[in-house]
1. As an exercise: evaluate I215 against (1) within 16 Å of ligand 2 (Cβ to nearest atom); (2) of a type outside the set (S, T, Y); (3) touching a residue at least 60 places away in the same chain (Cβ under 8 Å) and give the number of the one condition it does not meet.
2. Could you pull out the residue among A158, A127 that is hydrophobic (A, V, I, L, M, F, W, C), outside any loop (DSSP other than H, G, I, E, B), touching a Ser or Thr at 6+ places or on another chain (Cβ under 9 Å) and within 11 Å of ligand 1 (Cβ to nearest atom)?
3. Can you tell me which residues in segment 159-183 are under 23 Å from V32 (Cα atoms), of a type in the set (A, V, I, L, M) and free of Cβ contacts under 8 Å to residues at least 60 places away in the same chain?
4. Filter segment 163-199 down to the residues that are in a helix (DSSP H, G or I) and among the aliphatic types (A, V, I, L, M) and list them by number.
5. Filter segment 76-107 down to the residues that are assigned to a helix (DSSP H, G or I), closer than 17 Å to V204 by Cβ and not small (G, A, S) and list them by number.
6. Determine if segment 92-102 includes at least one residue that is exposed (fewer than 13 other Cβ atoms within 10 Å of the Cβ), over 26 Å from S170 (Cα atoms) and not aromatic (F, W, Y).
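No value in this document is a laboratory result; all are computed from the given coordinates. These figures come from a predicted structure and were not determined experimentally. Cβ: placed from backbone, ideal geometry, glycine included. Neighbour counts: every protein chain shown.
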Amino acid sequence: MHISVIVPTYNERENLARLATLLLALPLEVEVVIVDDNSPDGTGDIADGLAEEHPGRVHVIHRAGKLGLGTAYIAGFNYALAAGRDLVVTMDADFSHPPNRIPAMVEKIAQGYDLVIGSRYVPGGAAVECTWPRKFLSWGANTCTRVLLGLKAHDTTAGFRCYRHEVLESIALDEIFSSGYSFLVEMLYKVQRQGWRVGEVPIVFQNRQQGTSKISRTEIIKAMGTVFRLFYAQLRGKKI
Ligand SMILES: Nc1nc2c(ncn2[C@@H]2O[C@H](COP(=O)(O)OP(=O)(O)OP(=O)(O)O)[C@@H](O)[C@H]2O)c(=O)[nH]1
Ligand SMILES: [Mg+2]
């Protein structure tokens with residue numbers, strides 16, 4: 001199995017090299033795909049250094065500016081699909097998503113699942129050192145998406161995912177409306193509607209230790225807009 005691990009970065013200089021080292025040491029055929037949005041802190045240069053150090057195992061996509069998390073995933077997906085990878089993993093650069101859970105996610109795919117989520121909200125999963133407002137936000141987003149959109153997964157906003165390439169190929173990525181964080185909800189909605197089998201493996205989500213958060217109030221409002229847009233389209237029976 002050839003796996004691309006897509007890591008979108010915006011100002012992650014404290015985290016990226018350490019994360020890449022752990023990913024490359026996994027007992028899997030992993031290629032790290034870094035999608036950097038011209039980070040002012042020089043993360044893009046660190047990424048280029050890693051690509052030079054690990055030829056063929058680290059690929060860097062540079063974009064001109066901060067274009068959003070959703071479009072960063074799409075850039076990574078398009079690259080991985082064109083390169084003929086079997087599986088595509090997405091994860092944050094800030095160590096919230098433990099790299100050592102990737103083998104369990106791949107194992108679950110091998111059991112017949114099409115998309116596997118690294119989940120905080122299944123038995124054995126947890127979110128540690130997260131602030132109460134952050135926990136509340138996550139709980140609210142998960143409850144809304146499950147109730148309004150009928151999503152069956154327990155961690156619907158998680159960015160730690162492993163997709164079979166067929167799943168990504170089945171979705172018109174250029175028709176995805178969300179450019180930011182709510183991309184994750186929209187994508188899961190589409191995957192579930194297409195009837196793909198979605199599984200979850202427990203992870204212990206660690207709050208960001210280094211660097212600063214990129215999630216803004218505007219992103220939260222946009223994410224609420226995405227949920228209501230999808231809910232409304234569903235009510236009207238529109239295929240989305
Ligand atoms: N390329 C790119 N990466 C982004 C963008 N926004 C966020 N990221 C990256 O996406 C991942 C998730 O962002 P985070 O800031 O950790 O978001 P979060 O996990 O919701 O918030 P905190 O953990 O509290 O910081 C990180 O690896 C970021 O560097 C973006 O616009 N472009
Ligand atoms: Mg984070």
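1. (3)
2. Working: A158 fails: outside any loop (DSSP other than H, G, I, E, B).
On inspection, the qualifying residue turns out to be A127.
3. Within segment 159-183, V167, I171 qualify.
4. So in segment 163-199, the residues in a helix (DSSP H, G or I) come out as 165-169, 173-175, 183-193.
Of everything in segment 163-199, those that are in a helix (DSSP H, G or I) and among the aliphatic types (A, V, I, L, M) turn out to be V167, L168, L173, L184, V185, M187, L188, V191.
5. At the first step, the residues of segment 76-107 found to be assigned to a helix (DSSP H, G or I) are 76-82, 99-107.
When the remaining residues are screened for being closer than 17 Å to V204 by Cβ, the result is 99-105.
Selection gives P99, N100, R101, I102, P103, M105.
6. Initial filter on segment 92-102 (exposed (fewer than 13 other Cβ atoms within 10 Å of the Cβ)): 100.
Narrowing further to those that are over 26 Å from S170 (Cα atoms): 100.
Still in the list and also not aromatic (F, W, Y): 100.
Looking for residues that are exposed (fewer than 13 other Cβ atoms within 10 Å of the Cβ), over 26 Å from S170 (Cα atoms) and not aromatic (F, W, Y), one finds at least one in segment 92-102, hence yes.
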